[in-house]
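K.L.:
Have a look at this one.
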Amino acid sequence: MMKTEHLHWQCISHCGACCRLCPEERVEALAALTEDQRQHYLSMVGEDGWCIHYDSGGRRCRIYEQRPLFCRVSELGAIFSVPVEQLDSFAISCCRQQIRSLYGGRSKVMRRFDRAQRSQ
């Protein structure tokens, strides 16, 4: 596993791993949300477990600029009570876990993500 203590989190385009909202796969995330956030989150889950605002063909968010706070990495610290100095490491770990579960630990997406974190 990649060491994350000196890396800076960076999103990669055409990944979409965070858009897989399936509640059965995101129990910890749901537990960290307020009741209002949880209801909003659940309203965004499509029948296939993906966010209803996710464009699977382009692998992008259709409401990116207006996405909810719980979809913003900058808000993860507050939602999960993570100190700001640990936010990059936490975000990288979350992304790696989600990418691994969807695309695999040796996938092209994982390699692109790891490269992006090292290039900072």
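The values are calculated or read from the model by the stated rules, or taken from the named source; none is laboratory data. Predicted, not measured: the structure shown is a model, and the values here were computed from it. Backbone-built Cβ (ideal geometry, glycine too); neighbour counts: all protein chains shown.
K.L.:
Given the condition part of a helix (DSSP H, G or I) and either at pLDDT 95 or above or within 12 Å of the chain's Cα centre (by Cα) (or both), answer yes or no: does some residue in region 76-83 qualify? Step through it out loud before you land on a result.
P.N.:
Let us first name the residues in region 76-83 that are part of a helix (DSSP H, G or I), namely 76-80.
Within this subset, residues satisfying the condition of being either at pLDDT 95 or above or within 12 Å of the chain's Cα centre (by Cα) (or both) are 76.
Yes, because at least one residue in region 76-83 is part of a helix (DSSP H, G or I) and either at pLDDT 95 or above or within 12 Å of the chain's Cα centre (by Cα) (or both).
K.L.:
Restrict the check to region 4-24 and report whether at least one residue is free of Cβ contacts under 8 Å to residues at least 24 places away in the same chain and crowded, with 17+ Cβ neighbours inside 10 Å.
P.N.:
no
K.L.:
Might you check whether a residue that is in contact with a Lys or Arg (Cβ under 8 Å, 6 or more places away or on another chain), modelled with pLDDT of 95 or more, surrounded by fewer than 18 Cβ atoms within 10 Å (Cβ to Cβ) and not in a helix (DSSP H, G or I) occurs anywhere in region 38-49?
P.N.:
Within region 38-49 (the criterion being in contact with a Lys or Arg (Cβ under 8 Å, 6 or more places away or on another chain), modelled with pLDDT of 95 or more, surrounded by fewer than 18 Cβ atoms within 10 Å (Cβ to Cβ) and not in a helix (DSSP H, G or I)), the answer is yes, since at least one residue qualifies.
Every residue, every condition in (1) over 14 Å from Trp9 (Cβ atoms); (2) among the small types (Gly, Ala, Ser); (3) in contact (Cβ under 8 Å) with a residue 12 or more places away in the chain, yes or no:
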site	(1), (2), (3)
Gln66	yes, no, no
Cys71	yes, no, yes
Glu75	no, no, no
Ser89	no, yes, yes
Ile92	no, no, yes
Ile99	no, no, yes
Gly105	yes, yes, no
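K.L.:
Taking the condition surrounded by 14 or more Cβ atoms within 10 Å (Cβ to Cβ), of a type in the set (A, V, I, L, M, F, W, C), over 13 Å from the mean Cα position of the chain (by Cα) and not in a loop (DSSP other than H, G, I, E, B), does Ala116 pass?
P.N.:
So Ala116 fits the description; yes.
K.L.:
Of the conditions (1) at pLDDT 95 or above; (2) touching a helix residue (DSSP H, G or I) at 6+ places or on another chain (Cβ under 9 Å); (3) surrounded by 13 or more Cβ atoms within 10 Å (Cβ to Cβ); (4) farther than 20 Å from Ser119 by Cα, Ser107 satisfies every one except a single condition; which number is it?
P.N.:
Among (1) at pLDDT 95 or above; (2) touching a helix residue (DSSP H, G or I) at 6+ places or on another chain (Cβ under 9 Å); (3) surrounded by 13 or more Cβ atoms within 10 Å (Cβ to Cβ); (4) farther than 20 Å from Ser119 by Cα, Ser107 violates only (4).
K.L.:
Can you name the condition, by its number, that Gly57 falls short on among (1) within 17 Å of Cys15 (Cβ to Cβ); (2) at pLDDT 95 or above; (3) in a loop (DSSP other than H, G, I, E, B)?
P.N.:
(2)
K.L.:
Let me ask something additional. For region 27-64, enumerate the residues that are in contact (Cβ under 8 Å) with a residue 12 or more places away in the chain, out of contact with any strand residue (DSSP E or B) (no Cβ under 7 Å at 6 or more places or on another chain) and among the aromatic types (Phe, Trp, Tyr).
P.N.:
Tyr41
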